[in-house]
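Data block below; observations after.
Derivation of every value follows stated rules applied to the coordinates shown; laboratory data play no part. Bear in mind that the values here come from a model prediction, so they are computed numbers and not experimental data. All Cβ positions, glycine included, derive from the backbone under ideal geometry; neighbour counts span all protein chains shown.
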Amino acid sequence: MSRREGDDAALEAEIARLPDLGHEDLRKRWKLLFGRPAPKSLRRKFMARAVAYQMQVAAYGGLSAAIKRRLREIAMAVHNGDRTGVFSEVQIKPGTQLIRQWQNTTHTVMVLDDGFALDGRTYKSLSAVAKAITSTNWNGYAFFGIKRAARGNKAAAGSKRDSRLMNQPDSEGGARVPSRNSNERDSRA
């Protein structure tokens, strides 16, 4: 067994013992890991889970800054009742046709208000459409060559964006779709 495997096994064993610890022992672990006392209202079961998570963060690292930022954005959107802020993925306008050639067959997918249509069948996601075409799991956006604008890249959104480029197929034959925050009109709709 390598040193890394031994360390992993020791951590797993220590985490497995946490539910058996008393309230005071968990509070001591909490203070050691978080640097402050545990809130008095925490139940032992939740405290054991939080301590286990923090032990894993100390051993393997935590969430990236980008993930933390996105989680804060989602929390604020939920707090403000903004459903679009929660689901800020690339939005494709209903009526848009996505065309993809796969194994010498051209597939045309119609974007609907509540999904995607291919050969008379409706699918909830582009990934489901890609799986229907290929019989393997694909990220639907990747399969159709849909490019996503980088977050925080002001040059990729708004009036500075060259809309003529948006309607051209990319090198893989997929369509390019503007991000939600694009201020320009989409001439395809």
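Among the trypsin sites (Lys or Arg not before Pro) found in the range 1-81, those both in a DSSP coil and sparsely packed, with 13 or fewer other Cβ atoms within 10 Å of their Cβ, are Lys40, Arg43. Give the calculated FRET efficiency between Asp82 and Leu11 to the nearest 0.05, with a Förster radius of 30 Å applied to their Cβ-Cβ distance. The pair Asp82/Leu11 has a calculated efficiency of 0.15.
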